[in-house]
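The values are calculated or read from the model by the stated rules, or taken from the named source; none is laboratory data. Owing to the predicted nature of the structure, the values given are computational and were not obtained by experimental measurement. Cβ placement follows ideal geometry from the backbone for every residue including glycine, while neighbour counts extend to all protein chains displayed.
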Amino acid sequence: MRKEFKVEKLIPSLVEKLDAEMYYLRFAPTGWAILFLHEGTGAVSIQSDWGDWSHYWPPRAHGRTSLKAFLCEGDFDYLADKFMGRTEDEFDLEGTVKAIKKRIVEARWQHDLSKDDARELIEEAELMAEEGPVRDVLLDGMSATMRRLLGGEHWPIIEYRKPAKYLWLRDGVLPALVDELRRHLPMAAPEVKNG
C-alpha cells in the first residue's frame, strides 16, 4: 500500500531584508550576465543568456576570506560543479567517432587490418556520425567487423562531454564574472621589508 504524501502549509516569516551586491556584464557581440552576491549569507546567484545558477557558501565554508575573494580563488571546475549540482555528462558523438577512427588507424599500423578493411571501417564510422547522436542506435548499428575491431566490447570507446550549459558557465560566464570581482577586491597592502 502506498503511503500518501502530504505537503504541509508553509507559513512565511520575514527574518531580515538584506542588500546584495549586483554585477551586470554585457558580452560582445551579444549576451549578458548578472551576478548577485551577499557576503553575510554567502548566497550567490547568476542569471544570464546561457542559464541561471545559484549556490550558497556560508561564511564557515570560506573561512576568514571574503566571499568575493573565495570565489576569485576557486577554480572554475569547482565553481561550475557547485552551481550546476550533479550533472550527467552527455554522449559525445564526434569524440566517439574520432576514438573509433583512432582505433582503426592503430589496428592498420599494427597490421591487424588490411588497407581495404580499414577504409571500409573509416567510412562506416563517418556514416555513424551522419546518422545522429543517439548512442544506442549508433552502437547497435555497428558491423560485425567493427565490433571485432573494438574487441566485442564497444563501451570503453564511448566518449562523453560536459553539457553545453556547464561549458558556458565554466568557460565563459564564470571567468568574466571572476575578472570583474577581482577588480572590486581591496588592494593588498605592500609588503614591508626590514632593512
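Count of the stretch 79-124 residues, restricted to those that are of a type in the set (Lys, Arg) and within 30 Å of Ala69 (Cβ to Cβ), is 2. In this structure, Met142 does not qualify as assigned to a helix (DSSP H, G or I), touching a helix residue (DSSP H, G or I) at 6+ places or on another chain (Cβ under 9 Å) and modelled with pLDDT under 80.
Selection of the stretch 156-170 for residues being within 13 Å of Phe83 (Cβ to Cβ) and assigned to a helix (DSSP H, G or I) yields Lys165, Tyr166, Leu167, Trp168, Leu169, Arg170. Within the option set Ser45, Ser66, being touching a residue at least 24 places away in the same chain (Cβ under 8 Å) and not aliphatic (A, V, I, L, M) holds for one residue only, Ser66.
Residues that are among the charged types (D, E, K, R) and farther than 17 Å from Trp57 by Cα within the stretch 20-43 comprise just one, Arg26.
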